[in-house]
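In what follows, a single structure is set out as structure tokens and then discussed.
Rule-based calculations on the coordinates, nothing more; no lab input. Note that the structure is predicted; figures quoted are calculated from it, not measured. Note that each Cβ is placed from the backbone with ideal geometry, even for glycine, and that neighbours are counted across all protein chains shown.
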Amino acid sequence: MKKLLGVLLALTMVLCVLSGEAETYTGEAEGKNGKICVEVQVEEGRIADVQVTEQKETAGIADAPLAEIPAFVVENQSLAVDAFAGATVTRDALVAAIEMAAGKAGLDVEALRNAAVIAEEAEEPAEESADVIVLGAGGAGLAAAASAAEQGASVIVLEANGIVGGATIRSGGHLLVFDDAINASMDRNDEGLKKYLDYDAASFGEWGETLITLQEQIRQYLDSDQAGRFDSVEMALIDHFMKGSGKDLDGNEATNDFALLKAAFEGTNDVNEWLTAGGMEIQQKMYNAHGGTPVGGAAALISTLQSMAEKNGARIVLNMRGTELLVEDGQVKGVVAVDDRGNRHTYHANGGVVIATGGFQSNAAMVAEYQKIGTGLGVNNASTSPKTNIGDGITMASSLNAKLRDMGFIVTVMEGYHEGSSLGEFGKINANSQLTVNRDGVRFGDDTKNAGMGVAGTAYVNQPDGLVYFIGDAKMVNGLNAAAEGFTDTMTARGDWFVVADTLEEAAEAMELDVETVLATVNTFNGYAEAGEDPEFGRTKFNGKVEEAPFCIARGEAHYHLTFGGLTVDTEARVLTDSDDVIPGLYAAGDVLSGLEGAAHQSGDCITTMLYYGRVAGKNAAEAAR
């Protein structure tokens, strides 16, 4: 009977498709942050409509593919959507959901995947002029565009990706905030300040005068009955210097460019007032010692900057990648760009070109060539950033003898193997795992320190291929599902980077780890956990022995997060040559620069400096056009 009903149902479905009667079918797939559900309407054997009915994808990053791909599929009767750059996990999940619905409708899914896209008429290559050409529509590029447009300049922004926002929109959006009202609402921080009084200014080089000023500020605060916590630009600068100090594997010291950072930090309140005047609101609480967060996070920051730029006439061109700087009489006067169909376009700049193309963390070959922070990192490690962050700005400016600094300094983060999870999701895995091993199945350090930011000296960046396997038993599985309902099912649905099994042997084998080695490692670890002491690596806190089914292993990978090396600029955001001469007509801002973070990621500080120099670059390029 069941077989007969199945045949009848299939026959009914085919008849509906062929008869022209519209039918709606559902599909779903796991996106970046959860299920993406769709309803696909089929009429006369064609996809008539696609509606996304449920999704939890990141605002700003996923908006474009969620809005544009359904219309593309209907218009072209094709699932060949590779041209949609950015938010690739969301894109692929959306396509998988549509495929599921199309399959239910009896459509030829394979044909839809391979269907030729409706051809557009080839555009004549653009030959356009503007006062300012900005390369990149991330935070720095949009700040440059908004600033230049405010000066009355005509502005064209070329963005290689299919969406605006760059790496900024994938961040927390944190900014430096020096707000007296927020500080007054907090407790005094006397004890935390006393360490600064012990620092010796002589060991701080050109930062010494700033430290002396800070020490005097602190003494006055400690002697006063002032309510609230103490903070200052000087303290933020010294904190930045301390955190960013460090060497690469060859012993090279990272650059903290005092002049660049001092100017940006002193301009912080001006930048924040500019943003709030543009419609952005800052939360009335601190993110860290010196940082705050826009209401709505990075998406709100980018939305504000885009609105500020476009309100004053700036035009943003998506899927347009700058490839070559144009030079006339020794001055940069424009750029050659290529669109997503391979057409070349020429954009002339009356005042100047602003490079804001971001870092090169998505160019694994380039990172592998330059990075000097980990012996285990190479060309196979993935990136957390847009696929278009491949060093275009650095490459273009290098052809003009631009000065590069700190190219060996990068930072990684631990996430699921090849985009298996987000940073936040992997944080849950790290918090609930019981021990970690490398690809050889052995522990290599305190297991509680094998996630988060990876710089020179971090153990996991020296493991083969930057791979770390997070292992646990029922305690880990239960903890993950308590942290987020259905978490382990969601993770296993994304591929073979995450496994839950009845035995540890099965889990290890599924991860292609040497089973005997893993069993021996876990057995030794269980002894340490029982004793509460780890003689190998000094771990002091344990969350139980690994002994109760089900067992879980997550394959983590060091993902290239940010690159700290790049172009060198002066405080006017003008790009410098190896001999520290200004390259006329060329400005730069954002992650394409060097000297702003040092050896470690400075959350909060970095976006502020990026916006500050974007604003400076746009203003100066606009003035040069007059």
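Histogrammed with a bin width of 5 Å, the alpha carbon distances of the range 410-561 distribute as 2, 11, 21, 25, 22, 14, 5, 1 percent, first bin at zero. The label point for Ser224 and the one for Glu75, both projected 7 Å from the Cα toward the Cβ, are 6.0 nm apart.
Rounded to the nearest Å, what's the spacing between the alpha carbon centres of the range 269-315 and the range 456-481? Just the number, please. With the range 269-315 and the range 456-481 each reduced to a Cα centre, they are spaced 36 Å.
Not counting the cut sites, what is the longest span of the chain without GluC sites (Glu not before Pro) that DSSP labels loop and that have at most 16 other Cβ atoms within 10 Å?
Answer - 282-484.
Once R0 is set to 22 Å, what does the formula 1/(1 + (r/R0)^6) return for the Cβ-Cβ distance between Ser399 and Val379, expressed as a FRET efficiency to the nearest 0.05?
Numbers: r = 24 Å, r/R0 = 1.08.
After rounding, the FRET efficiency stands at 0.40.
Maximal additional length on extending the Asp446-Ala483 stretch stands at 11.0 nm, based on 0.36 nm per residue less the C-alpha distance. Approximating the spin labels as points 7 Å out from Cα along Cα→Cβ, the Asp578-to-Glu536 distance works out to 4.8 nm. Averaging the Cα positions of each part gives two centres, and for the range 323-376 and the range 522-544 these lie 50 Å apart. Please work out the C-alpha center-to-center distance from the range 386-453 to the range 196-249 and express it in whole Å. Between the Cα centre of the range 386-453 and that of the range 196-249, the gap is 30 Å. For Cα extents along the principal axes in Å, several values are listed as [x] 88, 73, 46; [y] 90, 59, 53; [z] 106, 66, 43; flag the one computed from this structure. Here the calculated entry is [x].
Remark: spin-label model distance Tyr199-Lys56 equals 4.2 nm, labels positioned 7 Å along the Cα→Cβ axis. Counted residue by residue at 0.36 nm each, then reduced by the alpha carbon distance between them, the extension gain from Thr524 to Thr276 reaches 83.6 nm.
With runs of 4+ DSSP H residues as the only contributors, calculate the mean residue ellipticity of the chain at 222 nm using -39,500 (n - 2.57) per run, divided by the residue total and rounded to the nearest 500. List each step's numbers first, then the result.
On the way: 20 runs with 221 residues, N = 626.
One gets -10500 deg cm²/dmol as the mean residue ellipticity at 222 nm.
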